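Coordinate-derived values only; no laboratory data. All of these numbers come straight from a predicted model, not from anything done at the bench. All Cβ positions, glycine included, derive from the backbone under ideal geometry; neighbour counts span all protein chains shown.
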Amino acid sequence: MMTFNWRIMEARFSDILRFGVIVAGAFTLASVPPIPLAPATGPVVGIMVLFAFLAGFFINRALERKHTITRAVSVELSRLRRIHHLAENMTDKRWAARVDAALERYHVSLGNNFLAHEATQERFRDITHLIYNYKPKGAKDQLLLADLLATAKDVALERQQLEQALAHGISWYGYAIMMTIGAFAVFLMLLNRFETSFSPLTSGFVIAGVLLTLDLLVRTNALSPREILENQDQYRHNLSSH
């Protein structure tokens, strides 16, 4: 537990340091002597509007992806617990123990490496294989088995969405577009510091905003170490807490 807390504090310190370096770098860049070219206020505004629009679009997509991951994890954990409880009530206790063992192996795999969700396909098949091949021994077993089959199907659907969300973030081409437009915005801002409306202080704020937005995009698109650890912890304690 202490190690986990230390990692969180370390991540927060890294965030603060990262923020400070970006802001300091932006104002340092803004203080560099300007290149004596003709001002072009119009292009600066246009490129900034385009940058803001694309940044909002990509950040919104990244947030939707994280929401999909969070929701899919929550639903999958809930359905896995349901499989555990349904199996406990089946007539064949030896079969129920085998299902529990398969569930435990699946949870341990994801508890150790959440990002390798796709690699746990065989572990999940071990669970579904046991469910699909169970021979009900009475009316109660038949009802429970029908519920187990439906629940296993739900888990499979959530796994598919989760794997797709984990594998498909912002593409390298999307990053290239944002970085290029951001670089154009910074360059045009530096060129226009001869204008009274673009003082070094104003340029510093704008450049810092561009760089921080790009940094936010990168960090929003990727799962942070803290988020990965929290998800892994959920899988480790999913069955033991219920």
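Return the residues of the range 94-122 that are β-branched (Val, Ile, Thr) and out of contact with any helix residue (DSSP H, G or I) (no Cβ under 6 Å at 6 or more places or on another chain); say none if nothing qualifies.
Of everything in the range 94-122, just one residue is β-branched (Val, Ile, Thr) and out of contact with any helix residue (DSSP H, G or I) (no Cβ under 6 Å at 6 or more places or on another chain), namely Val108.
Tell me, please, whether a residue that is touching a Phe, Trp or Tyr at 6+ places or on another chain (Cβ under 8 Å) and under 30 Å from His85 (Cα atoms) can be found in the range 159-176. Within the range 159-176, one or more residues are touching a Phe, Trp or Tyr at 6+ places or on another chain (Cβ under 8 Å) and under 30 Å from His85 (Cα atoms). Per the listing Ala116, Ala97, Ala102, the residue uniquely without any contact (Cβ under 8 Å) to a residue 60 or more places away in the chain and either in contact with a Phe, Trp or Tyr (Cβ under 7 Å, 6 or more places away or on another chain) or within 20 Å of Ser224 (Cα to Cα) (or both) is Ala116. Of all residues in the range 149-185, those satisfying the criterion of being polar (S, T, N, Q) and under 30 Å from Tyr106 (Cβ atoms) are Thr151, Gln160, Gln161, Gln164. Within the range 72-122, the set of residues being within 22 Å of Asp147 (Cβ to Cβ), under 29 Å from the mean Cα position of the chain (by Cα) and basic (Lys, Arg) comprises Arg79, Arg81, Arg82. Comparison of Leu149, Leu145, Leu162 shows that the only residue that is in contact with a Pro (Cβ under 8 Å, 6 or more places away or on another chain) and in contact (Cβ under 8 Å) with a residue 12 or more places away in the chain is Leu145.
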